[in-house]
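Here is the structure we will look at.
The values are calculated or read from the model by the stated rules, or taken from the named source; none is laboratory data. Keep in mind that this is a model prediction, so the values were computed, not measured. Cβ sites come from the backbone with ideal geometry, for glycine too, and all protein chains shown count toward neighbours. Just so you know, the surface numbers come from the protein's heavy atoms only, side chains and all, with ligands and any DNA or RNA stripped out. Shrake-Rupley method; radii C 1.70, N 1.55, O 1.52, S 1.80 Å.
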Amino acid sequence: MAVAPRGETNVTPTAAASAAIRTDEPTTDPAAASAAAAEAQAPAPTGLPGNGDDDPDERTAADPAAPGRSHPSPTTTLPSASSARPLSSATSPTGARFTRPGGMFSSLRVRNYRYYFAGQVVSNTGTWMQRIAQDWLVLSLTGSPLAVGITTAMQFLPMLLLGLFGGVLADRMPKRRLLIYTQGAMGLLAAGLAVLTVGGVVTPYYVYAFALLLGLVTVVDNPTRQAFVSEMVGPKDLANAVSLNAANFQTARLVGPAVAGLLIAAVGSGWAFAVNALSFAAVIGGLLAMRESELRPTAPIAREKGQLREGLRYVRERPELLWPMVLAGFIGTFGFNFPTLLSGFAYDTFKVGAGQYGLLNTAMAIGSLAGALLAARRGVPRLRRLVGAALAFGALEVVAAFAPDYWTFALLLMLIGVFGLSFNTSVNSMLQLSTDPEMRGRVMGLLVLVFTGGTPIGAPVVGWVTASYGPRLGLLACGLVSAAAAGAVGLVLARSADLRVRFDLHPGRGGRVVAFVPRTGAASKSDLAAAC
């Protein structure tokens with residue numbers, strides 16, 4: 001039986017009907033009781049409301065008269081708001097109310113999220129345009145691939161050094177307002193680089209400086225954006241919104257570089273920067289157009305000493321947060337090093353030109369987009385799905401290292417993209433749903449740190465292995481590390497939750513070939529076991 005979120009009553013349909021008709025005086029009219037019971041058991045409205053507003057069933061717990069909820073009688077005692085933890089149970093992946101999928105695009109029912117999503121379509125395309133134009137500009141100014149690597153390092157280094165502080169700021173300030181500031185700052189940086197480039201006065205050192213400044217802004221912007229999603233859509237649609245954000249980004253990854261290539265060839269890199277600067281107006285406009293009354297804002301925490309250590313201690317004490325975070329660190333540092341690996345396979349292994357090298361990136365982007373859309377169809381992820389996606393991701397990298405020809409390798413890259421994106425969205429949504437609201441910014445800041453901040457560490461190691469022993473061995477090493485980390489984390493989680501793996505070759509209807517079951521034979525009541 002599903003367990004109700006903490007702070008709400010766990011009412012079956014029959015009990016809900018009784019609660020709906022119960023008053024201080026007994027009800028003696030059978031017809032009225034029957035009608036009330038039928039109304040209480042009526043299904044909640046689904047689909048896109050005609051007026052474009054949120055799903056009528058998507059209300060906050062503070063609204064007792066919201067459609068689709070039972071109406072407790074004066075004799076019904078509900079837990080007080082002060083006694084209930086606001087999120088850790090109410091939004092747990094084990095809560096039945098939040099595990100039911102609502103369709104591939106269910107979060108787009110929310111008006112505020114639609115504005116945000118539309119703005120991100122434009123902005124993400126501009127961001128990919130700037131990435132391509134920036135690399136091309138540095139290469140044309142210096143003729144050195146090393147200079148391109150320095151530019152990338154300058155952009156990622158702030159996240160490695162300051163990523164946790166960005167999460168603290170995300171918890172201290174209203175997230176919508178903070179995003180308006182960070183998106184505006186990014187737009188100004190893109191505009192400044194456009195002016196220098198179009199004016200013909202840009203140098204590699206200017207590009208390094210702008211990349212560093214952009215990295216500093218991203219330190220705050222990234223965890224704030226991650227945590228703001230739950231304030232727009234709420235816990236029921238959070239996993240779907242995270243997946244759609246990933247699909248949005250991957251679509252821009254397909255469109256942005258192509259548009260940038262045409263623009264650079266026609267008028268130069270500077271105008272690609274200018275288009276990116278204008279694209280931030282779409283995001284800021286969407287944020288300003290939101291209805292504040294329909295957001296679910298988390299009250300900013302007061303500034304105090306030790307909040308950074310508090311965030312680290314919070315993650316360390318919760319296995320359902322700690323071990324997915326550890327796995328994300330291994331996958332992000334060693335598994336996602338495709339810029340170095342794909343160029344090696346294209347030029348050294350398969351001896352193909354720039355066009356076919358671009359197709360390898362396109363193949364992976366298509367797979368990632370498919371993975372994001374598939375994830376959007378599912379409900380809240382479980383730990384077993386997260387570990388399984390990471391294991392499949394690593395295993396496919398191992399297989400791809402031995403691909404006999406170019407087209408087999410491209411097909412495997414699509415599958416790698418599917419499982420890589422599935423892991424990415426699963427770890428993001430699961431950590432958000434398992435975290436208390438006042439800690440969400442710091443937790444997401446730590447996730448961004450371990451997932452992307454490890455790039456300056458993993459990329460040189462993978463680059464050295466690839467240069468010394470070839471791209472096949474480099475990809476093989478990345479796959480083995482990723483698969484081994486997934487297997488180790490899976491075993492640790494199962495042991496911590498007192499579970500074991502059961503294999504059943506004849507599972508029957510509704511059963512699973514592979515399932516986690518309690519070691520002792522009795523159902524475990526721990527949150528970790530339920531999350532598995």
Problem set entry | At R0 = 56 Å, FRET efficiency that the Cβ-Cβ distance of residue 172 and residue 356 yields, to 0.05 | 0.70
Exercise. Of the heavy-atom accessible surface of the stretch 269-354 (probe 1.4 angstrom), what whole percent is carbon and sulfur?
Worked result: 59
Exercise. Where does the charge balance sit around residue 182 when Lys and Arg score +1, Asp and Glu -1, over other residues with C-beta under 13 Å from its C-beta?
Worked result: +3
Exercise. When the distances between all Cα atoms of the stretch 241-364 are binned every 10 Å from zero, what whole-number percent does each bin get?
Worked result: 9, 20, 28, 26, 14, 3
For this session: State, to one decimal in nm, how far the label point of residue 405 lies from the label point of residue 347, with both points 7 Å from Cα in the Cβ direction.
Result: 2.5
Seminar exercise, completed: In this structure, the FRET efficiency calculated for residue 496 and residue 195 from their beta-carbon separation, with R0 = 41 Å, to the nearest 0.05, is 0.15
Exercise. Any idea what the relative contact order of the stretch 149-268 is, in percent, if you count C-alpha pairs under 8 Å spaced at least 6 apart?
Worked result: 38
Problem set entry | Relative contact order (percent, whole number), the stretch 332-434, Cα cutoff 8 Å, 6+ residue spacing | 38
For this session: Would you calculate the separation in nanometres between label points at residue 304 and residue 206, each defined as 7 Å from the Cα along the Cα-to-beta-carbon direction?
Result: 4.8
Exercise. Taking a 1.4 Å probe, which of 237, 405, 348 shows the most accessible area, and what order do the others take after it?
Worked result: 348, 405, 237
Problem set entry | Inter-label distance, nm, simple model (7 Å from Cα along the C-beta direction), residue 473/residue 161 | 3.4
